[in-house]
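Structure first, then comments.
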Amino acid sequence: MINLERVTKIYPGTSMPAVDNVDLEVPRGEICILIGSSGCGKTTLMRMMNRLIPITSGTIKIEGKSVMEMDLIELRRGIGYAIQQIGLFPHMTVAENITVVPKLLGWDKKRMDERVDELLTLVNLEPAVYRNRYPRELSGGQAQRIGVTRAMAADPPVMLMDEPFGAIDPINREVLQDEFLKIQAKLKKTIVFVTHDIHEAVKMGDRIALLDAGRLIQYGSPEDLLTRPKNQFVKDFVGADRALKRLDLLKVRDAMLKDPVRCRTDDSSEKILEHMLAHDLNFLLVTEPGNVFRGYVNIDMLRGHKGRIGDLVRPMTITVRPEQNLKDALSKMLTYDLGIVVAVNEEELLEGVLNSRTLVSVVGETYDESGGHWGKITTGGRVI
Amino acid sequence: METLTFIIKHGPETLKLAWQHAWVVAVAVGIAIFTGVPIGIWITFNRRAADIVLYIAGIIMTVPSIALFGIMIPILSVFGYGIGTVPAIVALVLYSQLPIIRNTYAAIKNVDPSIIDAGIGMGMTRGQVLRKVQVPMAMSVIFAGVRVAVVMSIGIGAIAAYIGAGGLGHYIFMGINQTHDAMINAGALCVALMAIITDYVFGIIENRLVSKGLRS
């Protein structure tokens, strides 16, 4: 846990504080994003936490201990540190770079070798291939991964990251962010993460601290900042498209209709047709008896057919997972021109249905049960 | 052809002079490395000292070599070393300072600040940053300075024969006095060969010393 109390930084020779009376608490195991435009003091604030910049007044405590009372070198070795320009040492191999801090801490060779392999595997780089490479032989994304890996090498409980994915193209950045979130879900580090990119903040942060001119303007969950901006400044900062940003934040699970109406492959076609006519349905999802999703049937296919639904069912190749974010789901729906998309889990079991109308209303927070054009596929379980 | 015949005919004599020459240069550059590199590193911490040291080293460089040898004579006579190898070595050490100090200073200064920041942020002491990061990264440029100093010293070392330090310059001066063309050419050829071979050998050593990660 990191605790900041009335932390202030005034650079010598200036009267305006760079960081002004900031109180902040980062709970253990969470990612706290420091965000703001350049010159807002976010980097200064972070760099005071490992005393790369001296604190003018106030206290910073890490795990209950004031950083001012700790030995400077020990403090820094105990905190993971990753920076924007990556800062890999070009004259050292990947393995040597990763083990900089373990070496300073006096680990033995065997333990360091094991740690290198473990960490490279964690970031999906084959140890045998990459261990002895030099930074210049890595792509930008790979170097960035090693930079983050190096910060984690001695397994510090706290990590400071200054725009660690800043110098990288948007596509690779997304990949690295996802990868990092997966790792964080396992390792549960307490992380202070500086960025100026609100998308990154919303995606990565458990909490976001928005700074302006050295002052903390709003501190809360991404959801808080997007839906309850404290003032006009926050509103402007998160942007007019803040509703769209919620797409990053919300999961398919949050917006899907659970337990949609469906029939089974062993149902009789005639009965289902009768039922669909009676309830004015022209489209129905199909599962196997065990709820494994198979596809759909429509009313025209059923007319005049005698037999089982299983003989007619058409597969739906485009599906989403309940834990995917809504942005990905919406992107799929737009790409394939789908009015609805079905959510299935890893075992191919039907979990729910997402339709464009409910998606829009959930994101816009004017949730509407009727669901519009595809509204007939509502909740209610099996047809018969 | 005449030159080669001369060298072969005076084989032992040539070898002796070459050895003398190499020895003076080796001692001088050795001392220059052990003084110039630390001075170069030290002045990276002190802007004012850097300006002064580089200025002085620059001035020494502009003094013509024959004049510097001349200046050495009265100064070192006080200690009884007016002529011979001692003034030659002292002069070569002074000449070698500029390329070595300047390259060391520039190379250490030019290490990307974000890399130093990473080192400090990870908990390296100032000394560790210097030893483990800055010096290894600066190594190839420092070495380039040393190579310049060596090649230059071999050339200037030829003039040291004038103040009785021996070496291959002896052939050149003797040859001029005796208008013996083959002797002059022999001296010049041997000095040039020595410079080329030494530079090549230092190139190999540099390859060993500089990390593979820094080669482009």
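Annotation for the stretch B:111-129: at least one member residue is under 22 Å from residue B:53 (Cβ atoms) and in contact (Cβ under 8 Å) with a residue 24 or more places away in the chain. Looking only at the stretch A:89-144, residues that are in a loop (DSSP other than H, G, I, E, B) and within 8 Å of chain B (Cβ to nearest Cβ) come to 6 in all.
Whether a residue is within 13 Å of chain B (Cβ to nearest Cβ), part of a helix (DSSP H, G or I) and either in contact (Cβ under 8 Å) with a residue 60 or more places away in the chain or more than 21 Å from the chain's Cα centre (by Cα) (or both) was assessed, and residue A:167 does not pass this test. Within the stretch A:221-243, one or more residues are closer than 30 Å to residue A:210 by Cα, among the hydroxyl-bearing types (Ser, Thr, Tyr) and in contact (Cβ under 8 Å) with a residue 24 or more places away in the chain. What are the residues in the stretch B:187-213 that are within 14 Å of chain A (Cβ to nearest Cβ) and either buried (at least 19 other Cβ atoms within 10 Å of the Cβ) or part of a loop (DSSP other than H, G, I, E, B) (or both), if any? Selection gives B:210, B:211, B:213. Of all residues in the stretch B:111-151, those satisfying the criterion of being more than 9 Å from every other protein chain (Cβ to nearest Cβ) and either within 30 Å of residue B:15 (Cα to Cα) or buried (at least 23 other Cβ atoms within 10 Å of the Cβ) (or both) are B:138, B:142, B:143, B:144, B:145, B:146, B:147, B:148, B:149, B:150, B:151.
Out of A:63, A:69, A:96, one residue alone is of a type in the set (Asp, Glu) and at positive phi. It is A:63.
The condition of being closer than 26 Å to residue B:141 by Cβ and buried (at least 19 other Cβ atoms within 10 Å of the Cβ) holds for only one of B:52, B:41, B:60, B:56, that being B:41. Among the helices (runs of 4 or more DSSP H) confined to the stretch A:212-275, the ones with at least 2 residues that are among the basic types (Lys, Arg) are located at A:242-249. The set of residues in the stretch A:70-88 being surrounded by 17 or more Cβ atoms within 10 Å (Cβ to Cβ), more than 7 Å from chain B (Cβ to nearest Cβ) and outside any helix (DSSP H, G or I) consists of A:78, A:79, A:80, A:82, A:84, A:86, A:88.
Scanning the stretch A:177-201 for residues that are surrounded by fewer than 20 Cβ atoms within 10 Å (Cβ to Cβ), more than 19 Å from residue A:29 (Cβ to Cβ) and of a type outside the set (Asp, Glu) yields A:196, A:199. Just one residue in the set B:176, B:184, B:154 is part of a helix (DSSP H, G or I), away from chain A (no Cβ under 14 Å) and in contact (Cβ under 8 Å) with a residue 60 or more places away in the chain; that residue is B:154.
Bear in mind these aren't lab numbers, they're just calculated from the coordinates by the rules spelled out. All values reported here derive from a predicted model rather than from experimental measurement. All Cβ positions, glycine included, derive from the backbone under ideal geometry; neighbour counts span all protein chains shown.
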